[in-house]
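What follows is a single structure, written as C-alpha cells, with notes after it.
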Amino acid sequence: MRLLFVVDPLPNLKAYKDSSVAMMRAAAARGHAVWATTVDRLSWECGEGGAGVTAEASALTLAADDADWYRADAAQTLRLADCDAVLMRKDPPFDIEYVTATWLLEQAEREGARVFNRPRALRDHSEKLVLAEFADFAPPSLATRDAARLNDFIEREGDVILKPLDGMGGRGVFRVRRDDPNRNAIVETLSADGARSIMAQRFIPEIAAGDKRILLIGGEVVPYCLARVPKAGETRGNLAVGGIGEVRPLSARDRQIAAALAPVLAARGLFFVGIDVIGDFLTEINVTSPTCMVEIAQGSDVDPAALFVAALERACAS
C-alpha cells in the first residue's frame, strides 16, 4: 500500500519516542510505501488541469537510527485519492488552519481517499468537551467562560484542575484550591477575561499514581497503558513537563471504560484514539495525534504500532 502521513515537519519529530515515526517504521517493515507531507502542502484545484485534493509529498526511506531516521526523495504532487490511506497526524493547535486541513481531507474523501482519523470526526470531537457524552465515566466537570460559575465550582469542589479546551502536553493546566490567593487571576488569565471557555474538573488525588494513557486501535483496546507519573512537586503527569512513564496492564476499571468507548468511537471514523484515565475517572479523549506507542512497546510484549498497521491493512481491504 501507499500510505501518506500528514505530520509536522519531519526534522521536528523526535524519532526515539514519536508515535507517527513508529507507525511509519512498522508500515515500512511490512512492505508498504511511506510518504509524508505537511498541512501547508495540501491543495485543491478544479477546472482545466485540476486534480482535486493534492499534496506536495516525499517518499521516505526509514532507518533504525533515531538521529538519522529518514531519507526523503524529491517532493512530488500526489493526488490523495491515489493513496491507499491518508494518516492525519498533525499535532494541535486546533486552529483555523487545522480546520481547513480537515475540510480539504474531507473533500479528498469524496474523491475516493480513505483518511484515518476521519476529518469530520476530528472536527466533531473536541478532546476535552467530548467528555460530556461519556459523563458517567467522568469526574465532576464544568466547561464555561463564566467566571462566577467557575468560582462556584471551585468553592463547591475545593480542589480543582483548570485547563484550556485546546491545549496539549499539559500546557496551561493549573491546580487551584478554594483558598488559592491567585484563584481569580488564574481564572481571568485562562478564560481571557471571559472571552474563552475553559474546563474545570475535580482534582483526582490518584494522579500521584499516574495519568494513564490507554490506546484504542480500530475499535480494539491495547491491553497495556502508559501511566505518566508526575515528578516531585508537580501536579501534571504529562511527559512533556517531566512526568515519568510506567507501562502497566489495564485494570478492570480501565478495561471497562476503554471497552465502552472503543466501538463507539471507531464507528465514527476515529481509528486511533488515546483516552486518559486518572484513578477510576475518564478525563480526556485524544483524537488528533495520540502518542505513547513507543513507550508501551518498550515496556511490554505488545507493539501498538504493529497493531495499528495490521488494523489499517484490514480496514483498507474491507
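The values are calculated or read from the model by the stated rules, or taken from the named source; none is laboratory data. Note that the coordinates shown come from a computational prediction; the quantities given were computed from them, not determined experimentally. Counting neighbours? That spans all protein chains shown, and the Cβs are built from the backbone with ideal geometry, glycine included.
The table below lists the values:
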read-out: Output for the range 118-155, where each listed residue is in a helix (DSSP H, G or I), of a type in the set (Val, Ile, Thr) and in contact with a helix residue (DSSP H, G or I) (Cβ under 7 Å, 6 or more places away or on another chain); value: 154
read-out: Matching residues in the range 262-295 - criterion: being acidic (Asp, Glu) and under 11 Å from the mean Cα position of the chain (by Cα); value: 276, 284
read-out: Residue 166 over 22 Å from the mean Cα position of the chain (by Cα), assigned to a loop (DSSP other than H, G, I, E, B) and surrounded by 15 or more Cβ atoms within 10 Å (Cβ to Cβ); value: no
read-out: Residues satisfying the stated conditions in the range 44-84, i.e. more than 18 Å from residue 102 (Cα to Cα) and in a strand (DSSP E or B); value: 58, 59, 60, 61, 62, 70, 71, 72, 76, 77
read-out: The one condition in (1) crowded, with 16+ Cβ neighbours inside 10 Å; (2) of a type outside the set (Gly, Ala, Ser); (3) touching a residue at least 40 places away in the same chain (Cβ under 8 Å); (4) not in a loop (DSSP other than H, G, I, E, B) that residue 248 fails to fulfil; value: (3)
read-out: Failed condition for residue 237, given (1) more than 27 Å from residue 159 (Cβ to Cβ); (2) at pLDDT below 95; value: (1)
read-out: Output for the range 169-196, where each listed residue is surrounded by fewer than 18 Cβ atoms within 10 Å (Cβ to Cβ) and among the small types (Gly, Ala, Ser); value: 169, 172, 185, 192, 194, 195
read-out: Within the range 101-117, considering residues that are touching a residue at least 60 places away in the same chain (Cβ under 8 Å) and in a helix (DSSP H, G or I), the one nearest to residue 43 (Cα to Cα); value: 104
read-out: Subset tally (residues that are within 18 Å of residue 211 (Cα to Cα) and of a type in the set (Asp, Glu)) for the range 149-165; value: 1
read-out: Positions within the range 138-163 being crowded, with 18+ Cβ neighbours inside 10 Å and either without any contact (Cβ under 8 Å) to a residue 60 or more places away in the chain or over 22 Å from residue 230 (Cβ atoms) (or both), in sequence order; value: 142, 150, 153, 154, 157, 160, 162, 163
read-out: Any hit, the range 33-40, residues being assigned to a loop (DSSP other than H, G, I, E, B) and within 23 Å of the chain's Cα centre (by Cα); value: yes
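Yes or no, residue by residue, for (1) surrounded by fewer than 22 Cβ atoms within 10 Å (Cβ to Cβ); (2) without any contact (Cβ under 8 Å) to a residue 60 or more places away in the chain; (3) not assigned by TED's automatic domain parsing to the domain that holds residue 269:
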{"position": "19", "(1), (2), (3)": "no, no, yes"}
{"position": "23", "(1), (2), (3)": "no, no, yes"}
{"position": "26", "(1), (2), (3)": "no, no, yes"}
{"position": "39", "(1), (2), (3)": "yes, no, yes"}
{"position": "44", "(1), (2), (3)": "yes, no, yes"}
{"position": "54", "(1), (2), (3)": "no, yes, yes"}
{"position": "73", "(1), (2), (3)": "yes, yes, yes"}
{"position": "86", "(1), (2), (3)": "no, no, yes"}
